[in-house]
Amino acid sequence: MVVSDLFSCNSPSMSGDVQGNSDQVILVTGGYDHTIKLWQAHTGVCQRTAQHTDSQVNALDITPDKQLIAAAGYQHIRMYDLSSSNPNPVINYEGVSKNVTGVGFQEEGKWMYTGGEDCSARIWDLRSRNLQCQRIFQVSAPVNCVCLHPNQAELVVGDQSGVIHLWDLKTDHNEQLIPEAEASIQDIAMDPEGSYMAAVNNRGHCYIWSLTGGVAEEPTKLNPKHKIEAHQRCALKCKFSPDSTLLVTTSADQTARVWKTSDFTLLQELKHEAQRWVWDAAFSADSQYILTGVSCTTLFVVI
């Protein structure tokens with residue numbers, strides 16, 4: 001199950017809270033059942049289901065203006081309108097030969113970035129009427145994850161051979177980093193402040209770097225900080241909290257673990273007797289809640 005970030009929306013069909021605020025927090029999920037679901041986060045009620053008939057949903061992300069959601073699948077990215085009841089995609093991006101494994105947006109919504117099993121990362125100009133990608137960064141192994149630096153100028157790409165690629169979007173220069181030989185990079189995350197980068201691999205290890213530079217024309221420098229024996233089996237995702245104080249990692253060992261970014265010590269292990277692989281996680285905007293998506297098709301909310 002893929003879990004997207006929570007977002008607030010205004011729905012005239014829903015009653016407001018006691019302060020008369022009609023905003024509600026919505027959670028978006030997708031998975032192997034070929035559907036995308038919108039949930040009311042505080043009640044667990046599914047408000048809407050959109051069909052993603054062509055394939056499973058590998059990744060989700062919401063546009064910065066909260067109007068559309070991008071669903072990455074096999075050979076395509078589908079865009080759905082969040083403000084309407086239309087169950088079908090409104091924009092289709094094609095031209096990828098294999099699974100699209102990651103998707104995200106530039107902070108102003110000018111372009112979208114993706115990574116995929118066709119050994120590439122791609123940039124798609126959302127302002128163009130041409131629905132083809134404008135830039136391709138080719139690597140030598142299938143791409144599992146892509147992460148945009150908060151400076152909006154550097155894209156980090158993790159592949160199945162264990163290489164992390166730093167692609168400077170301004171200069172087209174790239175550098176490579178191998179934290180652990182022949183250990184597939186499963187996910188990469190940077191905290192919103194641009195202070196840390198985390199990467200998890202299929203051996204359950206989490207690597208942490210502190211970040212310097214990345215301002216004006218100066219490229220970002222990664223300074224090794226920690227290696228964490230995060231999980232007993234393959235790690236799947238890592239996410240920083242919006243306030244940059246926490247890091248969550250998820251795994252095939254049936255747990256999610258929360259780490260304090262002050263010293264990267266374990267704060268809490270999240271486990272439920274009904275859950276299996278923990279595929280994904282998302283923080284609430286105030287960093288007070290974590291939602292996890294697991295193989296038993298259940299969402300767990302943790303305070």
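Values quoted throughout were computed directly from the atomic coordinates according to the rules given, and no laboratory measurement underlies them. Just so you know, these numbers come straight off a predicted model, no measurement behind them. Glycine also receives a Cβ, built like all others from the backbone with ideal geometry; neighbour counts cover every protein chain displayed.
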Task: Full-stretch length increase - Lys260, Asp81 - with 0.36 nm per residue and alpha-carbon distance subtracted - done: 60.8 nm
Task: Phi-based couplings in Hz for segment 193-209 (Karplus 6.51, -1.76, 1.60; Gly and Pro marked x) - done: 7, x, 9, 9, 10, 10, 9, 10, 10, 6, 9, x, 8, 10, 9, 10, 10
TODO: Taking the Cα atoms of segment 148-303, report the difference between the largest and smallest coordinate on each principal axis, in whole Å and largest first.
DONE: 49, 35, 27
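For segment 96-167, state which trypsin sites (Lys or Arg not before Pro) are in a DSSP loop and have at most 11 other beta carbons lying within 10 Å of their beta carbon.
For trypsin sites (Lys or Arg not before Pro) across segment 96-167 that sit outside H, G, I, E and B with at most 11 neighbouring Cβ atoms in 10 Å, the list reads Arg127, Arg129.
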Task: Amide H partners (placed H, <5 Å) of Arg203, local residues excluded - done: Ala235
Task: Cut-off under 5 Å, modelled amide H: who pairs with Tyr32 long-range - done: Val57
- [ ] Give the label of the value calculated from the structure for Cα extents along the principal axes in Å, choosing from (i) 51, 47, 35; (ii) 69, 51, 51; (iii) 48, 45, 38.
- [x] (i)
Task: Residue-wise HN-Hα coupling along segment 263-273, computed from phi with Karplus coefficients 6.51, -1.76, 1.60 (Hz; x: Gly, Pro) - done: 9, 6, 8, 6, 8, 7, 9, 10, 8, 10, 4
Open item on the list: Given points 7 Å out from each Cα along the Cα-Cβ axis, report the Ile136 to Thr43 separation in nanometres with one decimal.
Closed with: 4.7
TODO: May I have the count of lysine pairs in the chain with C-alpha atoms under 25 Å apart, counting pairs 8 or more residues apart or located on different chains?
DONE: 28
Task: Calculated FRET value between His34 and Asp286, using beta carbons and R₀ = 25 Å, to 0.05 - done: 0.15
Task: Rough spin-label spacing in nm, given labels placed 7 Å along Cα→Cβ, for Ile91 and Ser195 - done: 3.4
TODO: List the GluC sites (Glu not before Pro) within segment 203-303 that fall in a DSSP loop (any state other than H, G, I, E or B) and whose Cβ has at most 11 other Cβ atoms within 10 Å.
DONE: Glu217, Glu273
TODO: Take segment 219-284, drop everything but the C-alpha atoms, weight them equally and run the Debye formula without solvent; then report log10 I(q)/I(0) at 0.29 Å⁻¹ to two decimals.
DONE: -1.34
Task: Using θ = phi - 60° and Karplus 6.51 cos²θ - 1.76 cosθ + 1.60, couplings along segment 33-38 (whole Hz; Gly, Pro as x) - done: 8, 6, 9, 10, 10, 10
Task: Loop-located trypsin sites (Lys or Arg not before Pro) in segment 222-253 whose Cβ has at most 14 other Cβ within 10 Å (DSSP) - done: Arg233
Open item on the list: Given points 7 Å out from each Cα along the Cα-Cβ axis, report the Glu218 to Glu107 separation in nanometres with one decimal.
Closed with: 1.8
- [ ] Could you grab the relative contact order for the chain? Cα pairs under 8 Å, six or more apart, rounded to a whole percent.
- [x] 9
Task: Extension reserve of the Glu175-Ser295 stretch, reckoned as 0.36 nm per residue once the Cα distance is removed - done: 39.7 nm
